[in-house]
Every structure is written in structure tokens, then in C-alpha cells.
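Data first, discussion second: the structure below is written as C-alpha cells.
The values are calculated or read from the model by the stated rules, or taken from the named source; none is laboratory data. Computed from a prediction, not measured in an experiment: that's the story for all the values here. All Cβ positions, even for glycine, are placed from backbone atoms using ideal geometry, and neighbour counts span all protein chains on display. Please note that ligands, DNA and RNA were not included when accessible areas were found on the heavy atoms of the full protein model with its side chains. Shrake-Rupley method; radii C 1.70, N 1.55, O 1.52, S 1.80 Å.
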Amino acid sequence: MKHALLTEVAQAAQEYLANPVVEALPYEGYEAYLQRGNRIAFEQHYFARRRQLAVLALAVLDEPAPQKIKLLEQVLWEVCNEYTWALPAHLPIVAGTFAPDSRTCLDLFAAETGGTLAEILELLGPQLSPFLKERMYQEIESRILTSFESRPWDWEHKENNWSSVIGGAVGLTVLALLPKGSQRQLQLVERLDTAMQSYLRGFGDDGACEEGVGYWGYGFGYFVYYADKLEQTLGDRRYLELEKVKKIAAFPYYAMINEEEYVPFSDYSQSQLPSGLVSWCHEVMGVSIPTLPGISPLEFDHCYRFAHLLRNLEWTTAAVTQQHEEAVSHFFDHAQWLTVRDPQQSFYFAAKGGTNVESHNHLDVGHFIIGTTAELFLTDLGAGEYTRDYFDDALRYDFFVNNSDSHHLPKINGASQLPGPAGAKVLAVSTAEDLSALTLDLTDTYGEAARLTGFQRQWQVNAAKKEVLLTDSFAFASGENKVEERFVTTILPQVANDQVLLTSKTGATCCLALATAAIKVETVTYPDHNGASATAYVVKAAYSVNTKADIKIKIVIE
């Protein structure tokens, strides 16, 4: 299994040796962000250089050769020459330009770069030029260690992947480069505990990653890489014996749809999980893990993070390829996610409650997905294109993929779901073998314009019959109300009377019995996570209701 990734690495290294030019980081990329908020112009070059760095380091580690070492040294030199290791999108901006301290800005990617250089020094130090090594030490010292020590950083208290990735990557640097057991090393380990604890507070006791499984692989990956290295270096197991860590390790198993796809809530983008991390969860934490095709390939991570790739080589075991055919119904009581997977019936369903102040939030409390284990009929569009405005709280919900109109949620008297801390209340839940069910009170997720006095949503899920009964119960202060139920799909809908039919590429069908003939289909074009144009179809079913109404919608897959 290890051989497959090493073969890819060797081939990529030979391509670099045939054209030994280090990827440039054009000045225009910085200006593109300052002037237009465009991230891609810079980042495509930045990650291409990180690919060179990771490939050549792994190639030298596997099979040292003078030509490979020489090119690796040149790439390392150019990385040391970079204006900053942080991305333009994360740099402080003052008076329309990057602030003077941008060089030592400690963001996700600066920390990752520092960790990469530190572990390369640890693994390949004897084969590198003493002059280059001294330069690397100087840059890591000023950009990472001294920068971290110089002041408090807001990411130390963020309860999301920022605290674990930056803290974990800084931790890898501290453990790789500083004298073992030295006062400075031990002091920094204690300070890094603030970031690690912040990350853990971002999870409930159920271990669900509300940002999605891609962010699980990213944030939990760096948490684990640091926690494992802390044990290996100092014998410190403070994070490895926590029950919450074990619950977090088990999350992807319950979020898995198939070998390549997972529950696409929030800013999800389809990505392969690091096979080394998944293997570690099984071997060290003893939890059930999702099925992977094998060791993660070189291209599994478009950022080419060395920490991932190295541990994929070191940690991946055959356990990741084991098939999971058992039916599973699971409820994450903190995140309020119900997931139902039945591979035998080729059926998948998931629904969510939660709040609208989650990290990487979408306005999606009460949203759900349904399909076969090969393809979703009613889906979630996941993450949109990451631009400057996408992360502006005042503009975030102007993006189609982030607002409630792109989710299976009703417009009530013309009103959509609102951002804010108000969330769902769980009224009932069942994960019985024959019938899974979840009932949520969603009243508080809509504002005054909806004129609601009550809104409860219930799903009754029969995996054996591959059907779901959705019941929306409304109560209003007065009569003459309009409800528009909305369903989003990437499959062109066919409307016949009060039914909508969706047909997958494999010929499977999904029928929505909407109990109204007032059905319209809107075609929406939007930029996907990669900035490419994508198309979705919004099914709109209109209902006129009085002061109380139960709208029952049956969804059946055949």
C-alpha cells in the first residue's frame, strides 16, 4: 500500500528534475487580493510550490540522490525567501496595503510551512547544506517561534480548526527543533495547551465536527499529529486518553455515505480523508472507521500538506480498506445530526438541527439529505467559492450556497431562516432498527415576518423501504398564510401533477409526493468551491394555510 504513494512521489520528482525550476510566487497575486479580493491568483502558485517541497522531501527521504537533494535545497531556499508564509487572505491590511508585520503573520499556512521545514530538518538534516540549514533555522525562529512568543494570538481561543492546525503545526516545530525537555520547549508545550483545549471545546461530547468531515481531517489531523509527537517525544499522553478525542475520532464513520463522499453539511467540499489519520484512529483509538480505497494519493490534498503526506506513508494500514456493510443509525445529540446508512438497501439519509452561529455556518437548521449510497437526490451544495466577501459576516448570506434558499427549508410568508444563535430544540429522536425518527422545533429560527407561533419538523425514516415521511407542522397567530416548501437538487426534476421525479445517472429514481399541484422549478447557477460555474434546481411547492396546518411530504427511492 505504501508503494503506491511512493511511486507517485518518485514520478512527480522525476518530472521536477526534468525541468528544475522552482514555482514562482508572482507579485500580481498579492495585488489581485488587495484590489479584487481574488484568492486563486496567488494560491494556485503557492500550493504548486508546496507540492514541489513535499514531493522532493519525500523523494529524498525514500531514496536520497544528489540531484534530488540539490533541487530540494533550492526549493527550501525560495521558501525561506518568501515575503510571508501566510496567505494574502489572512494578512492584516492597513490603509489598503498589507501591514508591516505581515512577514511574521502566524496563520494556518505559515504554521504549516514552519512545521514542514522543521520536520524536514529533523528527518533530512544530515543531507542538507549547513548554510541552508542555518537559514531555515533563522526563518523558523523569527516567523514561527519568536512570532508565537511575541504576543497573544486570537486563534489560540478559536473553537475551530484554526486553533488545532496552527497550534498543532507550531507544536510539531517545537518538538522537532528545540532541545528535548528544554525549559523553552516545555514552556511552549504548556502555552500550546490553550489552543488545543480551545479546539476541543468546539466539539460537544458527541464528537461531531459541525464544519464537515473535510475540516475534521484538517483540524483533527493536526491535533493528532501534535498529540502523537508529544507522546513520542516527551511521553506526554495528555490528549490521547480523553474520551472526547475518541468520540471525535469516530465521527467520519457515522458521516460516511460511500468511499468518497460524506455528509455535505456546512462548508463541505468533497475531499479524501488522510489515510494515515484514519488508520491511526482505528489502531490507537480503537474506533470504527470509514472505508477508503487505500492509501491517500499524492493529489488527495490540493494544499499538499507535508504533515498529511508523511503520516499517510508512516501510518496507513490495511484496515482502511475494510468494507462496512452494516446498517447504522446514529444521533449526534450535541450537533443534533441524525444519520442513517443502509448499504444493503443502498440508502442514505441525514438531517440536522443545531444553530445558525456554527463555524463555517450555513442557514440550514432543519435541513436534510436523502439518496442512495451512490448518489444523493436531495443534496446540500456544500462550500461556495472562498473569496474575501464569503467570510464577511455582513455579506456571507448573500451567497446562494450559504443562505436558507439553497437548503430544503420553507419560506414562510415570504420569510427565510435567519442567522443568529436561535436554533432547533429536539423534541423526540429514535434510532430503532426498523424506524429512525427525529422531531425538531424550528420556531425560533425564523423572524417576526414569518408570523409563526410554532413550527415543528419531523422525519420518519424507513431505510428498509427506502422512504421518508416529512411532516411540517405550522401554527400562526392569524389566518391566510403562505408556505413555500423548497427542495434543492443537482438532478433536473420532472414534474407531474403533485409529484416530482428525480432520476439518477444509474437509473434509480426518487419521487417526492408534495400534496399540491402548485409546483415550480427554478434553475440557479452559482460558483462552486473551485470557482467553476455549477447548476442546481430548486423545487418550490406552494401551500395556502390557515392558523394551523400539517404539510406531509412522502419521499420514496426506487
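Structure values in brief
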item: Answer residue from the range 470-491, given it is assigned to a loop (DSSP other than H, G, I, E, B) and among the aliphatic types (A, V, I, L, M) and is most open to solvent (accessible area, probe 1.4 Å) among those; result: 477
item: Yes/no for residue 166 being touching a residue at least 40 places away in the same chain (Cβ under 8 Å) and open to solvent by less than 10 Å² (accessible area, probe 1.4 Å); result: yes
item: Residue tally, condition out of contact with any Leu (no Cβ under 7 Å at 6 or more places or on another chain) and either modelled with pLDDT under 95 or in a strand (DSSP E or B) (or both), over the range 547-558; result: 7
item: Selection from the range 516-546 of residues that are part of a strand (DSSP E or B), of a type in the set (A, V, I, L, M) and without any contact (Cβ under 8 Å) to a residue 60 or more places away in the chain; result: 519, 521, 539, 541
item: Considering residues of the range 312-342 that are touching a strand residue (DSSP E or B) at 6+ places or on another chain (Cβ under 8 Å) and among the aliphatic types (A, V, I, L, M) only, the residue most open to solvent (accessible area, probe 1.4 Å); result: 327
item: Every pair of residues 6+ apart whose Cβ atoms lie under 9 Å, when the first sits in the range 364-391 and is over 16 Å from residue 337 (Cα atoms) and basic (Lys, Arg) while the second is open to solvent by 10 Å² or more (accessible area, probe 1.4 Å) and not in a loop (DSSP other than H, G, I, E, B); result: 388/33; 388/36; 388/89
item: Residue within the range 100-113 that is open to solvent by 10 Å² or more (accessible area, probe 1.4 Å), modelled with pLDDT of 95 or more and under 25 Å from residue 127 (Cα atoms) present; result: yes
item: Checking residue 494 against (1) open to solvent by less than 50 Å² (accessible area, probe 1.4 Å); (2) in contact with a Leu (Cβ under 6 Å, 6 or more places away or on another chain); (3) closer than 16 Å to residue 377 by Cα, the condition it does not meet; result: (1)
item: Looking only at the range 402-413, and only at residues there that are in a loop (DSSP other than H, G, I, E, B) and in contact with a strand residue (DSSP E or B) (Cβ under 7 Å, 6 or more places away or on another chain), the one that is surrounded by the fewest Cβ atoms within 10 Å (Cβ to Cβ); result: 413
item: Verdict on residue 433 being out of contact with any Ser or Thr (no Cβ under 6 Å at 6 or more places or on another chain), among the acidic types (Asp, Glu) and under 24 Å from residue 540 (Cβ atoms); result: no
item: Set 5, 34: member being in a helix (DSSP H, G or I), in contact with a Gly (Cβ under 8 Å, 6 or more places away or on another chain) and surrounded by 15 or more Cβ atoms within 10 Å (Cβ to Cβ); result: 34
